[in-house]
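Asks: Sending over a structure as structure tokens; questions will come in a sec.
The values are calculated or read from the model by the stated rules, or taken from the named source; none is laboratory data. The structure presented is a predicted model; accordingly, all values stated were derived computationally and were not measured. Counting neighbours? That spans all protein chains shown, and the Cβs are built from the backbone with ideal geometry, glycine included. These area figures cover heavy atoms from the full protein model, side chains too; ligands, DNA and RNA do not enter into them. Shrake-Rupley method; radii C 1.70, N 1.55, O 1.52, S 1.80 Å.
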Amino acid sequence: MYRIALIVVFSACHLYFNDPAPVDPLVDAGAQSTSSRLALPCIQAVASGDILPDAGDELFVAYGCTGGPVVADIAYRSGELLASGLQAQFQLRFQRAVVADLDGIPPADVLSLDRYSSGWAFTRREFSGRQGNSFKFERPFEDVVVTDLDGDHKRDMVLAGDGALRLVADASSTPYGPVPLVVAPAMETEILTGRQFAAVVAADLASSPAKDLFFVATQPAGGYELGVATQVGPLAFDVTSSATPSGPLQKKMLVADVDGDGQDDIVGLAGRLFVHGSKHGTIALLPAANVISVDIGDLDGDGQAEPIAIIGDEVHRITVHASGPVLSLASTPVLPEGGDELHVVSLDGDMHDDLVLVRGLGEETSELVLYLGASL
């Protein structure tokens, strides 16, 4: 099994509801496996996961060219991508979206990060948007992961940014309501310092039952540091790291067994597409320097998750081969078209994951284009 990383969006204000303009699905029945496309002006952030109370996954999208964004749930119904639950609710522009299980109650929660990294967050337990909570973090951060880091069976937030990785313990115990919770520095525990942390994800990377952390930090001279922080005691970590060159950074990192050894690995994009093989602790880099976006999934329905990436103007499947501690990566084109961002998500409920490309990100002509995995 593989797990899709959380989906989060952060904003600096509370909910108010308007009726946004309707959006029109544009169906393309061409021979190249395009199943549906949905035009949404000025798409800002897209995330995927089990975010509606049904079987299967959906997309969460924030879009809009002026003023506050509109958010919508996107599902695949009757051969079309359809937007529902449309709400105009925020005043700040979004930078990205992340889905996470913050309270243990399905469906998943949504958190939102505004493009100024101002330290505001908003979560929703019900995707009707009628229940939720605001957080105001007094220190800025670049990324967040939700996990049980301290082993007390409650969900914590780990924040990356402002020179540290910081723990906000038991964030799931925060009651939902209209009044924002101010997260003061006294409520945070610094667990790693001395680096310019830009991204973080939690996974089981060692034999210990405690959760470990994988991080990306920017280096003063350029490029990135990829680091594994293994939890060797209660909130005590040993760090090993390696370097990658300068290039694109995708803050969303993915957790899945992509080398077939039964242990979860880390997949991400920091200068190069990388895979951290957790069994031996080794990192492999894809030589291609023009990777734009990466996700994980099972497009061919064989039960094995694989990295899927936009490389230049094409979508590629990345094969991960393990020979003892040595990992090697190879790419094979699966679609002669690209985009600004991709998401691999099970929208139609069959054995194949599906591919969604985001094109024209941030532009008036932006759109979502769906390719069903069974046709790729």
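Asks: For segment 221-276, which positions are hydroxyl-bearing (Ser, Thr, Tyr) and open to solvent by 30 Å² or more (accessible area, probe 1.4 Å)?
Replies: The answer is THR230, THR240, SER241, SER242, SER246.
Asks: All but one of (1) in a strand (DSSP E or B); (2) modelled with pLDDT under 50; (3) farther than 22 Å from VAL146 by Cβ hold for ALA31, so report the exception by its number.
Replies: (1)
Asks: Let me ask something else. Return the residue satisfying two criteria in turn: it lies in segment 290-343 and is small (Gly, Ala, Ser) and surrounded by 15 or more Cβ atoms within 10 Å (Cβ to Cβ), and of such residues it is modelled with the lowest pLDDT.
Replies: By that ranking, first place goes to ALA322.
Asks: Something else now. Can you name every residue in segment 77-86 that is part of a strand (DSSP E or B), touching a strand residue (DSSP E or B) at 6+ places or on another chain (Cβ under 7 Å) and open to solvent by 10 Å² or more (accessible area, probe 1.4 Å)?
Replies: Within segment 77-86, GLU80, LEU82, ALA83, SER84, GLY85, LEU86 meet the criteria.
Asks: Take segment 111-139 and flag every residue that is in contact with a Leu (Cβ under 9 Å, 6 or more places away or on another chain) and at pLDDT 75 or above.
Replies: Scanning segment 111-139 gives LEU111, PHE135, LYS136, PHE137, ARG139.
Asks: If only one of ALA55, ALA108, ALA39 is modelled with pLDDT under 80, touching a strand residue (DSSP E or B) at 6+ places or on another chain (Cβ under 6 Å) and open to solvent by 10 Å² or more (accessible area, probe 1.4 Å), which one is it?
Replies: Selected residue: ALA108, the only one of ALA55, ALA108, ALA39 that is modelled with pLDDT under 80, touching a strand residue (DSSP E or B) at 6+ places or on another chain (Cβ under 6 Å) and open to solvent by 10 Å² or more (accessible area, probe 1.4 Å).
Asks: Would you say ASP353 is in contact (Cβ under 8 Å) with a residue 40 or more places away in the chain, open to solvent by 30 Å² or more (accessible area, probe 1.4 Å) and either within 24 Å of ARG77 (Cα to Cα) or of a type in the set (Asp, Glu) (or both)?
Replies: No, not satisfied.
Asks: Of the conditions (1) closer than 20 Å to ASP114 by Cβ; (2) of a type outside the set (Gly, Ala, Ser); (3) in contact with a Phe, Trp or Tyr (Cβ under 9 Å, 6 or more places away or on another chain); (4) not in a strand (DSSP E or B), ARG96 fails just one. Which one is it?
Replies: Failed condition: (4).
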